[in-house]
Amino acid sequence: MSSAAISQTRLPAWLMRTLVILFLLGIWEAGSQYGFINAFTAPPPSAIFFAFIRLVEAGDITRALALTFFEAFTAASIGTIVGVAAGYFLHRSKMAGLAYTSWVAAAASAPLVLIYPLFLVIFGRNPATIIAMGALGCMPPIILKAKEGLDGVRPVLLNVGRALNLSARKQFWMIQFPAALPTIFNGIRIGLLFAIINVVGVEFLISLGGLGYMIAYLGDRFDYPAMYAGILFVIFVSVVFFLLTERLEKWLLSSR
Amino acid sequence: MNTVTTNPVLRLSNVAKTFVTPNGSVRALDPVSLDIRQGEFISIIGPSGCGKSTLMNIVGGLLDDYDGEVQVDGVPVRGCHKEIGMVFQEESTFPWRTAIDNVAFPMEATGVPREERLSRAKDLLRLVGLDGFEQRFPSELSGGMRQRIAIARTLAFKPRILLMDEPFAALDEQTRLLLGDKVLQIQQELNQTTMLITHNIAEAVQLSDRVLIMTFRPGRIKQVIDIELPRPRSSKLMGGEKFGHYVAAIWEDLREEATRGLLEMEGARSGS
């Protein structure tokens with residue numbers, strides 16, 4: 001579609017998005033009110049909304065969100081430090097890069113969350129397991145993007161430093177790292193989302209609190225409106241995170 | 001040919017280079033010997049694939065593995081030398097730095113205090129005609145402006161010898177002419193010894209004291225032409241009879257090499 005066609009309708013993009021969501025919610029609501037959709041397993045949006053209010057008023061959702069946020073943030077921080085260092089190593093050592101990069105890529109596409117029992121044995125039934133799983137989950141994209149960014153620095157920029165006789169350290173910190181930063185940051189953004197997914201996933205599995213556990217618990221009690229409220233809230237939080245980090249990235253890299 | 005009265009600031013003795021590739025070795029450069037005086041502007045012109053960029057990378061110290069010797073002030077050098085600055089053909093400004101921070105970069109790397117480096121960078125930006133653009137990022141500037149930033153950045157650490165590898169190749173003809181004038185003006189102001197790699201004949205005549213014509217691979221110096229046009233010069237010279245005479249003389253020599261290069265390149269392409 002051309003941009004002219006879009007501007008002719010004079011509907012801003014956000015409004016078009018909202019309309020689609022409202023339309024789908026409307027079909028859902030009507031469907032379960034009139035019995036086309038089973039209202040027990042798929043409660044109508046209005047019921048979900050009231051359940052959400054209930055969760056907020058009881059304070060369940062804020063507590064769960066705080067814990068999940070703490071776990072995901074810690075996991076992503078650890079994943080970033082280890083992942084960028086590992087990416088640097090794969091970039092620096094040609095042999096290691098050739099040998100292991102495809103493993104990391106494979107790990108990035110594997111459902112790592114399934115090895116949680118192993119972590120449960122290592123770290124015990126406590127938040128450390130969840131944080132470790134989150135950190136592990138967010139590492140592959142961070143490693144791959146860090147390596148890609150460092151590999152992809154244009155040779156001419158490095159030659160500028162070489163012509164100035166820069167020390168290896170200055171060459172890295174003054175040229176190579178800032179040049180690779182947009183790609184590295186991109187990896188961290190993807191990694192953060194992977195961390196949230198893994199953290200919520202493991203919370204769901206091992207009953208230690210957080211949004212994932214809340215969803216599992218409400219489902220077990222057949223409180224489906226509240227369970228859906230929890231699921232939609234997790235989706236909402238992820239989307240907000242994605243958009244916020246996108247903003248942050250644009251702001252940080254506004255000069256390029 | 002000019003006789004060198006003072007000691008050369010830059011001397012190449014039998015500099016040669018053979019690249020070893022999986023398909024055998026390629027002789028890129030036959031032995032080249034050359035003396036350049038302080039303040040002299042020389043251009044090296046040749047067909048694509050004559051090894052002129054190889055020569056520049058050797059002199060600039062980016063290529064270590066070569067035969068022969070490069071001397072600065074009579075002292076043999078290997079690797080990058082602080083008296084030699086390079087301007088590259090490709091866009092080489094740092095996109096994460098503003099214009100002034102780009103120019104200040106070499107001074108920042110060598111620990112010049114902030115105040116001093118910013119004031120010097122400001123002067124250099126004025127020298128290349130970019131005052132008022134200090135706080136702009138490269139992405140906000142045109143290709144010609146970015147190349148001027150790169151030139152100013154190279155001048156910032158006061159190299160006595162300036163190497164330029166087709167610095168205007170990516171620019172349009174008019175920008176190229178105006179930028180050539182700028183480079184001439186700077187070179188005359190600073191009495192900068194300059195070695196320019198180019199494939200543009202008019203540019204070589206406009207700027208140089210001497211034009212060195214290189215043969216097609218393996219490159220060697222085929223002919224040296226002294227350009228005896230009065231200085232200070234500018235692109236206004238281009239209409240002159242003498243200018244045209246030099247261009248014709250250089251093309252006369254270059255034509256044969258360019259033809260040979262073209263045939264060989266096309267042969268290689270159809271053969272593969």
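The values are calculated or read from the model by the stated rules, or taken from the named source; none is laboratory data. Worth saying up front: this structure is predicted, and the values here are computed from it rather than measured. Cβ placement follows ideal geometry from the backbone for every residue including glycine, while neighbour counts extend to all protein chains displayed.
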Open item on the list: Regarding region A:189-210, can at least one residue be identified that is surrounded by fewer than 20 Cβ atoms within 10 Å (Cβ to Cβ) and within 14 Å of chain B (Cβ to nearest Cβ)?
Closed with: no
TODO: Look through A:256, A:221 and report the one residue that is within 12 Å of another protein chain (Cβ to nearest Cβ) and surrounded by fewer than 20 Cβ atoms within 10 Å (Cβ to Cβ).
DONE: A:256
- [ ] Could you figure out which of (1) in contact (Cβ under 8 Å) with a residue 40 or more places away in the chain; (2) of a type outside the set (A, V, I, L, M); (3) under 23 Å from residue B:99 (Cα atoms) isn't true of residue B:191?
- [x] (3)
Task: Subset of region B:221-260 [under 29 Å from residue B:15 (Cβ atoms) and of a type in the set (Ser, Thr, Tyr)] - done: B:246, B:259
Task: Residues that are among the hydrophobic types (A, V, I, L, M, F, W, C) and either more than 19 Å from residue A:47 (Cα to Cα) or touching a His at 6+ places or on another chain (Cβ under 9 Å) (or both), drawn from region A:202-239 - done: A:202, A:204, A:205, A:206, A:208, A:211, A:237, A:239
Task: Conditions (1) farther than 24 Å from residue B:57 by Cβ; (2) more than 8 Å from chain A (Cβ to nearest Cβ); (3) surrounded by fewer than 24 Cβ atoms within 10 Å (Cβ to Cβ): number failed by residue B:137 - done: (2)
Open item on the list: So in region B:95-106, with the set limited to residues that are surrounded by 21 or more Cβ atoms within 10 Å (Cβ to Cβ) and under 17 Å from residue A:170 (Cα atoms), which one is nearest to the other protein chains (Cβ to nearest Cβ)?
Closed with: B:106
Open item on the list: I'd like the full set of residues that are within 23 Å of residue A:152 (Cα to Cα), crowded, with 16+ Cβ neighbours inside 10 Å and of a type outside the set (A, V, I, L, M, F, W, C), limited to region A:62-96.
Closed with: A:79, A:80, A:83, A:87, A:88, A:91
Open item on the list: One residue is enough: does region B:63-78 have a residue meeting the conditions surrounded by fewer than 22 Cβ atoms within 10 Å (Cβ to Cβ), within 10 Å of chain A (Cβ to nearest Cβ) and touching a strand residue (DSSP E or B) at 6+ places or on another chain (Cβ under 9 Å)?
Closed with: no
- [ ] Run down A:155, A:140, A:182, A:178 and say which single residue is surrounded by fewer than 19 Cβ atoms within 10 Å (Cβ to Cβ), within 24 Å of residue A:240 (Cα to Cα) and not basic (Lys, Arg).
- [x] A:182
Task: Residue tally, condition within 23 Å of residue B:77 (Cβ to Cβ) and at the interface with another protein chain (Cβ under 7 Å from one of its Cβ atoms), over region A:153-169 - done: 8
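The rows are residues; the columns are (1) loosely packed, with under 15 Cβ neighbours inside 10 Å; (2) within 12 Å of chain A (Cβ to nearest Cβ); (3) not aliphatic (A, V, I, L, M).
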site: B:115; (1), (2), (3): yes, no, yes
site: B:120; (1), (2), (3): no, no, yes
site: B:124; (1), (2), (3): no, no, no
site: B:128; (1), (2), (3): no, no, no
site: B:152; (1), (2), (3): no, no, no
site: B:177; (1), (2), (3): no, no, no
- [ ] List the strands (runs of 3 or more DSSP E) that sit entirely inside region B:49-140 and contain at least 3 residues that are more than 16 Å from the chain's Cα centre (by Cα) and assigned by TED's automatic domain parsing to the domain that holds residue B:38.
- [x] B:67-72, B:75-77
Task: Restricting region B:154-175 to residues that are within 9 Å of another protein chain (Cβ to nearest Cβ) and crowded, with 24+ Cβ neighbours inside 10 Å, the residue that is nearest to residue B:55 (Cα to Cα) - done: B:163
TODO: Go over the candidates A:236, A:172, A:177, A:185 one by one and state the one that is of a type in the set (A, V, I, L, M, F, W, C) and more than 14 Å from chain B (Cβ to nearest Cβ).
DONE: A:236
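Would you say residue B:234 is surrounded by fewer than 14 Cβ atoms within 10 Å (Cβ to Cβ), modelled with pLDDT under 85 and of a type in the set (S, T, N, Q)? Give the derivation first.
Details: surrounded by fewer than 14 Cβ atoms within 10 Å (Cβ to Cβ): no; modelled with pLDDT under 85: yes; of a type in the set (S, T, N, Q): yes.
For residue B:234, the condition - surrounded by fewer than 14 Cβ atoms within 10 Å (Cβ to Cβ), modelled with pLDDT under 85 and of a type in the set (S, T, N, Q) - is not met.
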Open item on the list: It is to be established whether one or more residues within region A:59-75 are among the hydrophobic types (A, V, I, L, M, F, W, C), at pLDDT below 95 and farther than 25 Å from residue A:219 by Cβ.
Closed with: yes
- [ ] Within region A:143-152, work out how many residues are more than 14 Å from chain B (Cβ to nearest Cβ) and surrounded by fewer than 19 Cβ atoms within 10 Å (Cβ to Cβ).
- [x] 2
